[in-house]
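Trainee: My structure is below; once you've seen it, I'll send some questions.
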Amino acid sequence: MTTPANAAPEGASDPAPAPVASHLAHATVGGGCFWCTEAVFEATTGVVSVVSGYAGGPRPNPTYEAVCTGSTGHAEVVQIAYDPAQVSFAKLLEIFFKTHDPTTLNRQGVDSGTQYRSVIFYHDEEQRRTAEAIKEKLDASGAYSGPIVTEISPLPAFFEAEAYHQDYFAKNPYQGYCRAVIAPKMEKFRQAFADALK
């Protein structure tokens with residue numbers, strides 16, 4: 001994943017997510033490039049907003065350029081605001097696990113490095129229990145050829161990514177990475193989760 005040539009990096013925004021309705025819940029996951037993960041969840045019923053960002057490293061307000069070096073400890077993640085009356089956390093995790101490869105350590109396709117690790121940052125104990133149960137069930141079922149390496153950790157500080165990363169696929173459908181990687185992923189998602197599409 002590379003920065004578009006015409007996109008100038010912007011300063012990291014305030015780590016606090018935008019205010020949302022009180023009935024909404026939040027999920028924070030990383031499944032490789034956040035452009036891909038964001039596109040999937042923006043098309044999911046019950047999801048109100050998806051914000052691309054960084055989490056998991058000690059440095060505050062990391063930049064995209066710094067995270068891309070793999071030296072900050074952050075992962076590219078998305079923070080999802082969703083309506084639990086329309087979609088459950090378990091359903092979001094079902095989509096998460098089926099739309100990336102959770103068996104490859106620090107890699108998704110051509111993207112490699114700790115910033116592309118598979119990770120679920122849980123917001124509370126209920127999310128932790130749900131994530132661990134789903135991971136254990138998938139491993140036991142033999143759904144994948146190898147063991148799931150998805151990290152399950154408490155949510156640290158979340159830092160919103162630069163503005164040019166938000167809604168990236170929607171705004172840049174013909175960019176090379178979008179056409180080669182995200183578009184095929186979205187087609188598979190639409191076929192597998194027709195009942196979950198907006």
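Trainee: Shape of the stretch 103-160 from its Cα gyration tensor (a ≥ b ≥ c, root eigenvalues): rounded if a/c is under 1.5, otherwise prolate when a/b > b/c, or oblate?
Mentor: Values: a/c = 3.43, a/b = 1.04, b/c = 3.29.
Oblate, since a/c reaches 1.5 and b/c is not below a/b.
Trainee: Just add up the charged neighbours of residue 106: K/R +1, D/E -1, any other residue whose Cβ is under 15 Å from the Cβ of residue 106. Before the final figure, lay out the partial values.
Mentor: Numbers: positive: 107, 117; negative: 76, 101, 111, 151.
Summing Lys/Arg as +1 and Asp/Glu as -1 gives -2.
Trainee: Highest mean first, what order results for 186-193, 78-85, 148-155 on Cβ atoms within 10 Å? Walk me through the intermediate numbers first.
Mentor: Working: 186-193: 14.2, 78-85: 19.6, 148-155: 16.5.
Top of the packing list down: 78-85, 148-155, 186-193.
Trainee: Also: Skip the ligands, DNA and RNA, and give the accessible area per residue of the chain with a 1.4 Å probe, whole Å². Before the final figure, lay out the partial values.
Mentor: Working: 9190 Å² over 198 residues.
Value for the chain: 46 Å² per residue.
Trainee: Here is a further query. Using a probe of 1.4 angstrom, how much of the accessible area of the stretch 15-94 is carbon and sulfur, in percent?
Mentor: On the way: 1630 of 2710 Å².
Carbon and sulfur atoms account for 60 percent of the accessible area of the stretch 15-94.
Trainee: Run down the aspartates and glutamates and flag those whose C-alpha is under 19 Å from the C-alpha of residue 98, throwing out any fewer than 8 positions away in its chain.
Mentor: Leaving aside aspartates and glutamates fewer than 8 places away in the same chain, those within reach of residue 98 are 38, 42, 76, 111, 132, 136, 139, 151, 187, 195.
Trainee: Next question, about the same structure. Apply the a/c threshold of 1.5 to the C-alpha gyration tensor of the chain and tell me whether it is rounded, prolate or oblate. Walk me through the intermediate numbers first.
Mentor: Values: a/c = 1.25, a/b = 1.21, b/c = 1.03.
Here the chain falls in the rounded category.
Trainee: Next question. How large a share of the accessible area of the stretch 117-198, in percent, is made up of carbon and sulfur atoms when the probe is 1.4 Å and the other protein chains stay in place?
Mentor: Exposed carbon and sulfur together represent 52 percent of the surface.
Trainee: In Å and from the alpha-carbon atoms only, list the Rg and Dmax of the stretch 70-124.
Mentor: Cα-based Rg and Dmax for the stretch 70-124 come out at 12.8, 39 Å.
Trainee: Please give the calculated 222 nm ellipticity per residue for the chain, where each DSSP H segment of at least 4 residues contributes -39500 (n - 2.57) and the sum is spread over every residue; nearest 500 deg cm²/dmol?
Mentor: On the way: 6 runs with 55 residues, N = 198.
Calculated from helices alone, the mean residue ellipticity at 222 nm is -8000 deg cm²/dmol.
Trainee: Please turn the phi angles of the stretch 87-96 into ³J(HN,Hα) values with the Karplus equation 6.51 cos²θ - 1.76 cosθ + 1.60 (θ = phi - 60°), one per residue in order, whole Hz, x for glycine and proline.
Mentor: Values, residue by residue: 8, 8, 4, 4, 5, 4, 6, 4, 5, 4 Hz.
Trainee: What ranking do 106-116, 164-174 get when scored by the average of other Cβ atoms within 10 Å per residue, highest first? All intermediate terms of the calculation are to be shown ahead of the outcome.
Mentor: Details: 106-116: 18.7, 164-174: 16.5.
Output ranking for 106-116, 164-174: 106-116, 164-174.
The values are calculated or read from the model by the stated rules, or taken from the named source; none is laboratory data. These numbers come from a predicted model, not from an experiment. Glycine gets a Cβ as well: all are built from the backbone with ideal geometry, and neighbour counts include every protein chain shown. Accessible surface is based on the protein model in full, side chains and every heavy atom, while ligands, DNA and RNA are left aside. Shrake-Rupley method; radii C 1.70, N 1.55, O 1.52, S 1.80 Å.
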